[in-house]
Every structure is written in structure tokens, then in C-alpha cells.
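Enquirer: Let me begin by handing over the structure; questions about it come next.
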Amino acid sequence: MKKFLDLISEEMKQAFEASGYDKELGKVTLSNRPDLCEYQCNGAMAGAKLYKKAPIMIATDVAEKCKDSKVFLSVEAVPPGFLNLKVKESFVTDYLIQMHNAPKFGLDMPKKPSLIILDYGGPNVAKPLHVGHLRSAVIGESIKRIIRYAGHNVIGDIHLGDWGLQMGLIITELKDRQPDLLYFNDDYQGDYPKDAPFTISELEEIYPTASSKSKEDPAYKERAMEATFKLQNGVRGYRALWDHIIHVSVADLKRNYQSLNVDFDLWKGESDVHDVIPGMVDYMKKEGYAYISEGALVVDVKEETDTKEVPPCMILKSDGASLYNTTDLATIMERMREHHPDRMIYLTDKRQELYFEQVFRCARKTKLVEPETELLHIGFGTVNGKDGKPFKTREGGVMRLEALIKEINDEMYRKITDNRQVDEEEARQTAKVVALSAIKYGDLSNQASKDYIFDIDKFTSFEGDTGPYILYTIVRIKSILNKIKEQGGAVEGAVLRQADSDAEKALMLEIAGFNAMMETAYQESAPHKICAYIYELANAFNRFYHETKIVAEENEEKKSGWVALLLLTRDILETCIDVLGFAAPERM
Ligand code: ARG
């Protein structure tokens, strides 16, 4: 379906052409003076030079031609030559009716859908999730849903960090604590126990202990590196222990991501490409891409146009061990082989920007991807506390994601039960749903690349640019519709009517912008555009609500038109929050 603004521009272009001017001058934009008009066209200003005419003369000619327009209610030529536009109520209503009848409210579907692999989440096995992991999960989940809504295919892959030194560290610490475990007996040939010799809480304690020991004690680190080596070379007992670590850890991760309403299509990890690395390395050597530099195997990736230094991409360390780069390149190779995607998108902290630049260049140069395969890194900023420094617990420690979610849930529960008699169980449930909107909207409403301040008071507020405000608006609409139903009013089959008031028209105009907004959100992988849109839409709705006595209206036809408008507003808001990755409760 054509976009609303494009239809208006087309009408304006015709008027320019009919007046003898270049029709390209007729481009219409949203008004930057909403007090004066709804839309504007500055084409007469641009045409003045071309036609050696005062802009106001051009504007007046064009306005004259719009007299009988089906689109414009008014076209005003104002000095020095602006065209201030208002559209007809009937034109907006017709557009909204079409939107209502079209799939996805008139968002055009691609002729040939792309296949996109989205690499997000990226947690490291056995390390607890902290607030930094929140962004990759929350933004990634939304981008995945945007891609699907836009009609493309997407595979979300968690890309677990499950193969590096951290695994060797855990194994080493376990060996020190429980040296008699079967896994460490090289002579043992039988089966290993089904159950892990540790719990998730032990695991989460073991890793930091081992990590700090290795920093102080070089011999300990040496042993951890050896354990990593043995694991990667398939020593049976080590592999069996590793299986346990993955199992226990993944079960915990799944629980955590589920509480965030985040889910992955693939649970692959760095370990999955272990076996294809030697073949990839041989290929890079044979084709002459990789060479030895100071003992390490590297591929040059600098380009003549570089303004900053882009160091070579290291493929193997001098001891032959693979690196983060190596697994990422091998993963690209495998993804091409298995799925042949049109695009791969990676979501990480923006401090990995240069790293991905190197990896992408290397993948292109070594032809692991097709020339037309798009590789995109979306780097996000840091989550800070109110003091502007990375978010910490009150005691100054790293904030665990679970603790953070609990804090917001509790705060939300407090707000919901404040001064009210509510069922305990229902209030807990509602608090959870609303808290998730607070966390996600708080993150997603910022442009991803920017740092933001995690402000619990602000995020959980029912007023202002917040998730709870959006949910509150949706719940308000639902409750009006319920009241009308209780009165015996018809809700299904209601038909939109022309707007009666400015507030109603303003709401309709907001709705009309949906498909253009969603297309941009897809093209720019930008969930914050959806947040900005629903904030404006919710504001427009609330203004209409405060000015209109909907439930008490006696004119049934009028009331039915409003019901239709409420339904459409609700559906669009709910579609948007679903794409953002959260939902609204029935009541709150
Ligand atoms: N595990 C990594 C980290 O914690 C993030 C992984 C991102 N994805 C990737 N393909 N490198 O930094």
C-alpha cells in the first residue's frame, strides 16, 4: 500500500506540474509548525531560482490549482513562499479503512525476501549474565522481530562463548577441588555419570575464583591453558566435563532469556566450528592470503583509504591456538555453507567495532562470503548508573541481570499495589509484565549506539516516555472497549468515520504514518523509531480520550466510529510492542 505522505506528495506534484513547474518540487513533509498546519511543502522556495520568480508567486499558483483537490482541505501560500497544508478528513478516513483491511496495516512485503542471520546475545558459558548482556539480547530480539514483521527471513543465533580459556579455567579449578573425579583419570575407559558434579551456583562461583587465581598465579594459568588445549584436542574426560558445564549453563541461560521474552533459533557456539578451523587455515595459507608474522598467522586487512590504523587479522597465535577471530571467521564460513544468507548482522558492545571491521574485511578478502553478502555490525553503548559510570550494585559490584530484573519487578509491584486493594497473585503477574516493558522500552527507546542511564524510577513511571505509559494507554483502550461491551454496544464490525475534532484527526494522522515508520525501522535496524512512534501515538490517543466522552456518547453512529478508531489504535500499539518484544496485560 502506498505511504500516506507519498500520496500527499503525489497530489502536490500534480499541482506543481499543472501550474507549469517541475513536479519534483512538490515533495511534502511533516509540518514543523504543527500549530499552523499538518504538512508542508517548500518547493516554491526551491523553484524561485529556477524560474526567476518570487517564491510566493509560485506558491500562489500551486495553491490555486489545489482548490478542487480530494486530498487537501486547505493549501495556503504564506510569505515568503511556503505552502501550509491540511488534509481532508475524508482522505484520512479512507486511508485508515484501507490500512485496516490490508495485511500488516499496509506495510508492503518484499518481492523476494532476504535471509538474514542475526548473531546476538553472545553470553559466555559459566559466566553469569550481567546488565551488559541485556542490550545485546533486548535489541537483538527486537531487530529479529522487525525483520520478520517486514517479511524477511531471519535466523537468530546466540553464538555462545563456550570454547576459550574460561573452560580450561573451570576444569582446572574443579580438578584442584575434586582431584578424584573420574573425569581426571586418564586410564578410565567406561561411561561417565549422567549428572554434573556441580550446580549452577557452584559453577558461577568457580569461574570468578579460577579467573582471579590465574591472574595472580602464572603456574595456575599455565595449567588452565593446558586444560584448554586438552579439551580442544578431545581428551575424553575433559570433553565429558565440558558437556556437563554446557548443559548446566545452557539450562540456566534459557531460564534467564525466557524471563526476558528472548528466544533463539540456534544455540550454536564457538565450539561448533572447532573441526572446520584446520581446513579454513589451510585454505587461507594455500591461497596466499595468510602469512606468518612474528610467529603468528595473519591476514592483512588494511586498505589504502584507511584514515586509522587497521591491524592485520590474526588467525592463529604463535603456539597454534585459535582465537576469537578464528572462530568468528570459521562461523561465517559455516553459515555460508549451511544457510547462504544475504546478510549477517552482529550485535555487540561498540568497543568491538574495530574487531568486526577486521573480521569482515578478512572474510571478504579471503572470499569466505560472496561479494554481495552484507556484513553488518551494530555496536551499542554502555548501560550507566545515575552517576554516569557503568551500572553497578549499591555495593559497587557487577549487577547481575537476575538481580536487576528482581529490583524492577519489586518496584513495579510496589507501584501497582500502592493505595489499592488488588489480588496478590494477579498483582505479581502484572508487575512482571509491566516491569519487562520498563526494562525493554528504557533500553530500546535510545538509539543503540548511545550510552544510556539505567534509571529505575524513570523507567517504571506511568507517565512520560516509558514502557509502562504505553501499556497504560493500551489498557485504557481495552477498558473503554469493555465498558462499551458491558453496555451492550457493538464492538465488532464498527466502521471508521470522519474525524469530528482536531484531537481525533491528529490521532488518525498518527496512525496513518505506521507503514512508513515500520519500513524505516527495518531499513535502519532501529527499534528506537518504533518507540518514538508509539510514544507520539499514545500521546495523540490520550489527548483524544481526555477531550471526548466516548462511553457516554448517545449518537450510536458516532460512537461506533470511535470504537473502530480505538480498535485500530489498540491493534497498532500492540503490534508495535510485540515487535519490540513485550506485551500488555489486560488490566493494571
Ligand atoms: N561472547 C562474546 C562476548 O562476550 C560476544 C559474541 C558476539 N558474537 C560474535 N560472533 N563474536 O564478548
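Enquirer: Sort out which residues of segment 129-145 are small (Gly, Ala, Ser) and touching a helix residue (DSSP H, G or I) at 6+ places or on another chain (Cβ under 7 Å), and write them in order of number.
Expert: Selection gives Ala137, Ser142.
Enquirer: Is it the case that segment 104-116 has a residue that's out of contact with any Phe, Trp or Tyr (no Cβ under 7 Å at 6 or more places or on another chain), of a type in the set (A, V, I, L, M) and within 16 Å of the ligand (Cβ to nearest atom)?
Expert: Checking segment 104-116: at least one residue is out of contact with any Phe, Trp or Tyr (no Cβ under 7 Å at 6 or more places or on another chain), of a type in the set (A, V, I, L, M) and within 16 Å of the ligand (Cβ to nearest atom).
Enquirer: Let me ask another. Can you go through Phe380, Phe360 and tell me which one is open to solvent by less than 50 Å² (accessible area, probe 1.4 Å) and in contact with a Ser or Thr (Cβ under 7 Å, 6 or more places away or on another chain)?
Expert: Among Phe380, Phe360, only Phe380 is open to solvent by less than 50 Å² (accessible area, probe 1.4 Å) and in contact with a Ser or Thr (Cβ under 7 Å, 6 or more places away or on another chain).
Enquirer: Now a separate question. Hey, among the residues in segment 330-364 that are of a type in the set (S, T, N, Q) and touching a helix residue (DSSP H, G or I) at 6+ places or on another chain (Cβ under 9 Å), which one's nearest to the ligand (Cβ to nearest atom)?
Expert: Per the stated criteria, the residue is Thr348.
Enquirer: Would you tally the residues in segment 119-154 being within 11 Å of the ligand (Cβ to nearest atom) and open to solvent by less than 10 Å² (accessible area, probe 1.4 Å)?
Expert: 6
Yes or no, residue by residue, for (1) crowded, with 18+ Cβ neighbours inside 10 Å; (2) under 21 Å from Pro468 (Cα atoms):
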position	(1), (2)
Gln487	no, no
Met517	yes, no
His528	yes, yes
Glu554	no, no
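Enquirer: So is Val138 part of a helix (DSSP H, G or I), within 26 Å of His339 (Cα to Cα), touching a residue at least 12 places away in the same chain (Cβ under 8 Å) and touching a Lys or Arg at 6+ places or on another chain (Cβ under 7 Å) or not?
Expert: yes
Enquirer: Related question: Considering only helices (runs of 4 or more DSSP H) fully contained in segment 175-278, which possess at least 2 residues that are among the small types (Gly, Ala, Ser) and surrounded by fewer than 20 Cβ atoms within 10 Å (Cβ to Cβ)?
Expert: Once the helices (runs of 4 or more DSSP H) in segment 175-278 are filtered for at least 2 residues that are among the small types (Gly, Ala, Ser) and surrounded by fewer than 20 Cβ atoms within 10 Å (Cβ to Cβ), what remains is 200-216, 236-259.
Enquirer: Name the residue that is modelled with the lowest pLDDT, counting only residues in segment 252-276 that are charged (D, E, K, R) and touching a helix residue (DSSP H, G or I) at 6+ places or on another chain (Cβ under 8 Å).
Expert: Asp252
Enquirer: Output the number of the condition that Ala403 fails; it satisfies all remaining conditions of (1) within 20 Å of the chain's Cα centre (by Cα); (2) in a helix (DSSP H, G or I).
Expert: Here Ala403 clears every test but (1).
Enquirer: While we're on this one: Taking the conditions exactly as written (surrounded by 15 or more Cβ atoms within 10 Å (Cβ to Cβ), under 22 Å from Asp162 (Cβ atoms) and in contact with a Ser or Thr (Cβ under 8 Å, 6 or more places away or on another chain)), does Glu334 satisfy them or not?
Expert: no
Enquirer: For segment 443-463, which residues satisfy the criterion of being under 16 Å from Met412 (Cα atoms), open to solvent by 10 Å² or more (accessible area, probe 1.4 Å) and touching a Phe, Trp or Tyr at 6+ places or on another chain (Cβ under 9 Å)?
Expert: Within segment 443-463, Phe459, Ser461, Phe462, Glu463 qualify.
Enquirer: Looking at the structure I just gave you, is Ala102 over 30 Å from Gln166 (Cβ atoms), touching a residue at least 40 places away in the same chain (Cβ under 8 Å) and surrounded by fewer than 19 Cβ atoms within 10 Å (Cβ to Cβ)?
Expert: yes
Enquirer: Sticking with this structure for a sec: Can you say whether Ser479 is open to solvent by 40 Å² or more (accessible area, probe 1.4 Å), in contact with a strand residue (DSSP E or B) (Cβ under 9 Å, 6 or more places away or on another chain) and in contact (Cβ under 8 Å) with a residue 24 or more places away in the chain, as far as the supplied structure shows?
Expert: No.
Enquirer: If I filter segment 10-45 down to residues being among the small types (Gly, Ala, Ser) and touching a helix residue (DSSP H, G or I) at 6+ places or on another chain (Cβ under 6 Å), which single residue comes out as farthest from Phe82 (Cα to Cα)?
Expert: Ala18
Enquirer: Related question: Of all residues in segment 391-400, how many are among the basic types (Lys, Arg) and in a loop (DSSP other than H, G, I, E, B)?
Expert: The total comes to 1.
Enquirer: Could you grab me the full set of residues in segment 51-98 that are under 30 Å from Ile572 (Cα atoms), part of a loop (DSSP other than H, G, I, E, B) and open to solvent by 20 Å² or more (accessible area, probe 1.4 Å)?
Expert: Passing the criteria: Lys70, Lys88.
Enquirer: Let me ask something else. Which of the residues belonging to segment 155-189 are within 14 Å of the ligand (Cβ to nearest atom) and out of contact with any His (no Cβ under 7 Å at 6 or more places or on another chain)?
Expert: Across segment 155-189, the qualifying residues are Gly156, Asp157, Ile158, His159, Leu160, Gly161, Asp162, Gly164, Leu165, Gln166, Met167.
Enquirer: Working only within segment 307-329, note down all residues that are within 16 Å of the ligand (Cβ to nearest atom) and acidic (Asp, Glu).
Expert: Residue satisfying the conditions is Asp328 alone.
The values are calculated or read from the model by the stated rules, or taken from the named source; none is laboratory data. Remember, it's a predicted structure, so these values are computed and weren't measured experimentally. No Cβ is skipped: glycine too gets one built from the backbone with ideal geometry, and neighbour counts run over all protein chains shown. Quick note on the areas: whole protein, heavy atoms, side chains included, nothing else; ligands and nucleic acids left out. Shrake-Rupley method; radii C 1.70, N 1.55, O 1.52, S 1.80 Å.
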